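Readers should treat all values here as calculations from the given coordinates under stated rules, not as data from a laboratory. Remember, predicted model here, so these are calculated numbers, not experimental data. A quick note on method: Cβ atoms are made from the backbone with ideal geometry, for glycine too, and the neighbour counts reach across all protein chains shown.
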Amino acid sequence: MAEIQGKADSGGKGGKKRAKKMSTKIDMTPMVDLAFLLLTFFMLTTTFAKPNVMQLTMPVKEKNEDEQTKLKESEAFTIIMGENNKVYYYAGMNSAEAPAEVKVTNYGANGIRQVILDRQRVQPKTVILIKPDDKAVYKNMVDILDEMNITNQKKYALVAVAKSDQELIKKSGL
């Protein structure tokens with residue numbers, strides 16, 4: 001609370017009487033208490049931004065590891081993430097007898113997204129094999145997983161890049 005204190009009269013010369021000068025002293029304790037109460041209230045009632053998490057479903061480990069799921073060549077679609085934000089892709093499987101025709105695009109909406117959507121129209125049961133190269137950056141992996149989510153691609157797998165795929169890219173000159 002505020003309090004007013006009077007100053008004692010010096011008792012100097014007689015004559016004219018002056019009004020006593022009053023000094024004020026303000027107690028800041030209640031205002032500090034109120035500030036801390038408001039700060040505490042807003043901190044406790046604020047909702048913090050929740051991180052966005054993408055749900056990944058991992059396959060169940062089979063007892064017999066020698067058996068791998070066989071993939072039809074007509075359903076296979078391979079995406080290879082290269083350096084300098086380049087995306088190489090081809091339909092079907094790559095083999096020494098029948099090398100695949102590799103093409104290149106980027107991570108934009110008119111790039112790999114459009115390629116995936118076109119492939120889904122041609123083959124609805126497409127299984128995409130994502131192969132990150134050693135020179136690909138982490139951002140590219142996040143971008144390609146986002147594209148799988150945006151295009152509503154249900155079946156895709158992260159696979160190591162084979163030497164035949166790296167040689168195919170070198171031979172293509174892209």
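When the Cα convex hull of region 76-172 is projected onto planes of every orientation, the mean area is 5.7 nm². Label-to-label distance, Ser74 versus Asp146, with points set 7 angstrom from Cα along the beta-carbon direction: 3.5 nm. Here the label points at Val137 and Met28, each 7 Å from Cα along the C-beta direction, are separated by 4.9 nm in the simple model. Placing R0 at 45 angstrom, the Cβ-Cβ distance between Leu39 and Leu158 gives a FRET efficiency of 0.45 after rounding to 0.05.
Each label was represented as a point 7 Å from its Cα along the Cα-to-Cβ direction; for Ser95 and Ala19 these points are 10.8 nm apart. Cross-link pairs exceeding 30 Å between alpha carbons, from the set Lys61/Lys86; Lys86/Lys125; Lys72/Lys170; Lys50/Lys103: Lys61/Lys86; Lys50/Lys103. The listed peptides 137-144, 79-86, ordered by packing as a protection proxy, come out as 79-86, 137-144 (highest mean of other Cβ atoms within 10 Å first). Report the residues of region 131-174 in range of a label on Ala109: point 7 Å along Cα→C-beta, backbone N strictly under 15 Å from it. So the set is 147, 150-151.
Which percent, to the nearest 5, of DSSP beta bridges fully inside region 76-172 are antiparallel?
On the way: 8 of 17 bridges.
Of those bridges, close to 45 percent are antiparallel.
The relative contact order of region 73-174 comes to 32 percent, based on Cα pairs under 8 Å that sit 6 or more residues apart.
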